[in-house]
Amino acid sequence: MAITKEQIFAVADDLDAAGQNPTLANVRKQLGGGSFTTISEAMNEWRARKASQAAPIREPAPASITEKLAELGGDLWAVALDMANNRLAAEREALEAVRQETEAARQEAAELADQLTVELDEAKGRIAALEAAEAAAKGEAEALREKLAAAGEKAATAEARAGELRTELDHAHQEARQVRSERDKAQEKAATSADQVEALRADLAAANSKATEVERRAVELRADLERANQAAVEQQKAAQALAGQLDQVRGELAKVQAKADAADLAHQEQRKQIAAEAHRQAERLTATQAERDAARKEASQAREEAATLRGRLEALETVMAAGKGEGKGDSTRNA
């Protein structure tokens, strides 16, 4: 809130009534603040008003003096008043000059005070900024101390780890020396086993030749197996055909037997012929059964031979796989 002239005049009047000099500092102190320029301008106006209020007033001489100094007193009083007025005018002029000089000095002091106030505010702001910067610097210093402590711990850990790594490096050097020694021994052993490698190569060539022979034999066995399977199928078909014939003979025998039973009473001779025919049919049935049994036996033997050939084929394939695996391993070692 801005300070008014009336407030300044009131404070100046109170100070003057209390017998105190209403200086700019006293007035500003009583107001609790304010611009020195505003207070100075208002105080100049207040002093001008006070000076005009103190101007001399011409009054008539008292009656007692007038009576006693009727003739000379009036002239003397007039002369005295003129002298007093002249002296007062001179003093007023001198006072006005002093007042103007004082006003100029006060104006300069007010401007200087305002400037000092601004500079003081700026200084307070800088001080506050410096205090904040100091607090921030203290915080950063504390953080740096913590980081330094952490770095010290890390350095100690790193030093310990470096010691461990040096130990591991020594062990690695020892292992490297051992590996080099083993490598030298392996090279010597490799040079010694060159003849063995040649022998193994010869064995490999023989194994490859044997594998080729085994493969050829496996092809032949596969062909034999296929032929045996075909024969078994044909035998099975023949057995099925014989079984059909047997069933047909049985049917015919039943028919003949039925006819023989029907004609037994009427024709004895025919019964004999029928018996003979039945005997022949029985013989045919027996022969057919024998042929069926033989066919079954042959089919069973064919199946057994097929199983045997299949087992031999699987064994040969196993031998061939083993020979190929050894050949690849020897090739890899030779490489």
**Fill in**
Cα-Cα longer than 27 Å, checked against 185/210; 259/297; 5/29, kept in input order, equals 185/210; 259/297
**Complete:** FRET efficiency (residue 205, residue 227; Cβ distance; R0 22 Å; to 0.05) is 0.05
**Message:** For residue 255, give me every one of the lysines with a C-alpha distance below 18 angstrom, ignoring sequence neighbours fewer than eight places off in its own chain.
**Reply:** 272
**Fill in**
For residue 189, counting only lysines whose alpha-carbon sits under 23 Å away and dropping same-chain residues fewer than eight positions off, the answer is 328
**Message:** Run the numbers for residue 52 and residue 219: contour at 0.36 nm per residue of separation, minus the present Cα-Cα distance, in nm.
**Reply:** 45.1 nm
**Request:** Any lysines with Cα under 26 Å of the residue 147 Cα? List them, leaving off those in the same chain fewer than 8 positions away.
**Result:** 138
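None of the figures in this text is laboratory data; all of them are computed from the coordinates on show. Just so you know, these numbers come straight off a predicted model, no measurement behind them. Cβ: placed from backbone, ideal geometry, glycine included. Neighbour counts: every protein chain shown.
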